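Following: one structure in structure tokens, then a few remarks.
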Amino acid sequence: MLSMEKAADWAVDSQARAEGVAACFRERFASEPKLWARAPGRVDLMGSHTDYNLGFVLTLPISRDTWIAARRRDDGIVRVHSMNLDAADEFRLDGIDSISESRWCNYVRGVAATMQDEGLALTGCDAMIHSTVPLESGLSSSAALECALATVFAGLGGWSLTPERKALLCQKAENEFVGVKCGILDQYSSCLGREGCALLLDCRDLSTRAVRMAEGIRVVVCNTMSQRRLSGGEYAQRRSECEQGTAVLGVSALRDVTPEILAARRHELPERAARRCEFIVAESARAESLARVLAAGDRPAVARLCAESFVGARDLYEICSPAMAAMMDAMLAAPGVIGARQAGAGFGGCMVALVDAARTDAFRAAVLDAYYSATQVRPEIYPVEAAPGAELFDKEEITK
Ligand code: ADP
Ligand code: MG
């Protein structure tokens, strides 16, 4: 298992990381890797749970990413090793089964099986996986793994996939093979990123708009280090409460409901479904608004939108936890903070702050202290950059 210190170093030292991954590849597979792929994690700047309601999300593909070093095999066998889990898997491409005891293997097998089902001809490979996206923390390590892997298979085959197709294939793998009913947000973020930009994703028509943030604003991810229970019933329950809302309102998705329509017809909905719908309708509108004010550098508006999002997540959508409340207090009290809110699906995991870039270090130190004092848990704080989408890269460029 990779030590915490090394993982943190490698997030900032690409050269050490490339050499470390290559050394592990050599040790494990007794040869040199020939092809390298990377795919980013993501943090949502606005738009909690709007994706499956076909609304808007402002998402940031981040500089925390998953790397895969690979080499082609001609015998139809795939051997993979995850440095994060210190675990290995091996399977044949001509009969891929899922494994009930080991969930992580199914992300790898699922991508391979789904690509083959779509008629893409894969070759076997040896592959070493290393991620600086914290696992199961809401930054979408699962999509980063899937999208990096799809990039490897395409690269080894000598063909390419459009980013959109790659994202849809990976989502299908996670939905159908792994059995996690995620929306399209994670895979789209990981595949369609543009250097230096956030993406405003319209989850209905899957169009994206690159949004360049104003100078001087830094995104800082703050990990509560508390458990998420996404695979538990809460996520499915929120989805079904939204569906209750669409059924009563006679629309195919909450995307079709404006704040005005909802205000006029709210009384027709069961109380809880009404609160869920109110959050989603406002949150989707906030994603569009945040794209505008972040580009313009309107800091008071950023602060207000983030605050409204957190209050709605806590009181209307009920996806907050005590750890998230403590982190919110710590972030809002720290120097340089512009705005702060939840990230991912909620229920613990990571949160996100927009911070005055010049004061990132002071912000980080203050949040570490305040959150630890409140919870006796050491948080992890990751200042991140906007990163490009899944792609092959040249290891020599990094290590020379
Ligand atoms: P998130 O996507 O928010 O990080 P998920 O629960 O959706 O959380 O996905 C996390 C799972 O994805 C892990 O538990 C593991 O099974 C798999 N995974 C992601 N990255 C890696 C990795 N680098 N090595 C092995 N498994 C990984
Ligand atoms: Mg995931």
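Values for this structure:
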quantity: Counted residues, the stretch 173-194 - those being out of contact with any Lys or Arg (no Cβ under 7 Å at 6 or more places or on another chain), of a type in the set (D, E, K, R) and within 14 Å of ligand 2 (Cβ to nearest atom); calculated: 2
quantity: Gly138 vs. criteria buried (at least 24 other Cβ atoms within 10 Å of the Cβ) and in contact with a strand residue (DSSP E or B) (Cβ under 9 Å, 6 or more places away or on another chain); calculated: yes
quantity: Residue list for the stretch 331-344, filter: more than 20 Å from Asp44 (Cβ to Cβ) and in a helix (DSSP H, G or I); calculated: Ala333
quantity: Search result, residues across the stretch 142-170 that are open to solvent by 20 Å² or more (accessible area, probe 1.4 Å) and either among the hydroxyl-bearing types (Ser, Thr, Tyr) or under 28 Å from Ile381 (Cα atoms) (or both); calculated: Ser142, Leu145, Ser160, Thr162
quantity: Residue check for Tyr107: modelled with pLDDT under 95, assigned to a helix (DSSP H, G or I) and not β-branched (Val, Ile, Thr); calculated: no
quantity: Scan of the stretch 332-380 for residues that are among the β-branched types (Val, Ile, Thr) and over 20 Å from Ala303 (Cα atoms), ordered by number; calculated: Thr375, Val377
quantity: In the stretch 10-43, the residues that are of a type in the set (A, V, I, L, M), within 13 Å of Met128 (Cβ to Cβ) and either touching a strand residue (DSSP E or B) at 6+ places or on another chain (Cβ under 9 Å) or crowded, with 24+ Cβ neighbours inside 10 Å (or both); calculated: Ala18, Val21, Ala22, Leu35, Ala37
quantity: Filtered residues of the stretch 112-135 (kept if touching a Lys or Arg at 6+ places or on another chain (Cβ under 6 Å) and either in a helix (DSSP H, G or I) or within 12 Å of ligand 2 (Cβ to nearest atom) (or both)); calculated: Thr114, Val133
quantity: From the options Arg38, Arg28, residue that is over 20 Å from Gly193 (Cα atoms) and modelled with pLDDT of 95 or more; calculated: Arg28
quantity: Subset tally (residues that are within 16 Å of ligand 2 (Cβ to nearest atom), aliphatic (A, V, I, L, M) and open to solvent by 30 Å² or more (accessible area, probe 1.4 Å)) for the stretch 99-111; calculated: 0
quantity: Residues (within 14 Å of ligand 1 (Cβ to nearest atom), assigned to a helix (DSSP H, G or I), of a type in the set (Ser, Thr, Tyr) and touching a residue at least 60 places away in the same chain (Cβ under 8 Å)) located in the stretch 140-158; calculated: Ser141
quantity: Residue pairs meeting the criteria (Cβ under 6 Å; at least 6 apart or on separate chains; first on the phi > 0 side of the Ramachandran plot, in the stretch 76-88; second modelled with pLDDT of 95 or more and not acidic (Asp, Glu)); calculated: Gly76/Arg92; Gly76/Leu93; Gly76/Gly124
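The rows are residues; the columns are (1) over 24 Å from Leu58 (Cβ atoms); (2) among the aromatic types (Phe, Trp, Tyr); (3) within 17 Å of the chain's Cα centre (by Cα).
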residue	(1), (2), (3)
Ser98	yes, no, no
Ala113	yes, no, no
His130	yes, no, yes
Cys147	no, no, yes
Thr162	no, no, no
Cys170	no, no, yes
Gly179	yes, no, no
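Yes/no per residue for (1) assigned to a strand (DSSP E or B); (2) surrounded by fewer than 24 Cβ atoms within 10 Å (Cβ to Cβ); (3) among the polar types (S, T, N, Q):
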{"site": "Leu45", "(1), (2), (3)": "yes, no, no"}
{"site": "Val57", "(1), (2), (3)": "yes, no, no"}
{"site": "Pro61", "(1), (2), (3)": "yes, no, no"}
{"site": "Asp75", "(1), (2), (3)": "no, yes, no"}
{"site": "Val80", "(1), (2), (3)": "yes, no, no"}
{"site": "Asn84", "(1), (2), (3)": "no, yes, yes"}
{"site": "Asp89", "(1), (2), (3)": "yes, yes, no"}
{"site": "Asp97", "(1), (2), (3)": "no, yes, no"}
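The values are calculated or read from the model by the stated rules, or taken from the named source; none is laboratory data. Values in this document were obtained by computation on a predicted structure and should not be read as measured data. Heads up, the Cβs are rebuilt from the backbone with ideal geometry, glycines too, and the neighbour counts pull from every protein chain shown. What goes into the accessible areas is simple: the full protein's heavy atoms, side chains included, and nothing from ligands, DNA or RNA. Shrake-Rupley method; radii C 1.70, N 1.55, O 1.52, S 1.80 Å.
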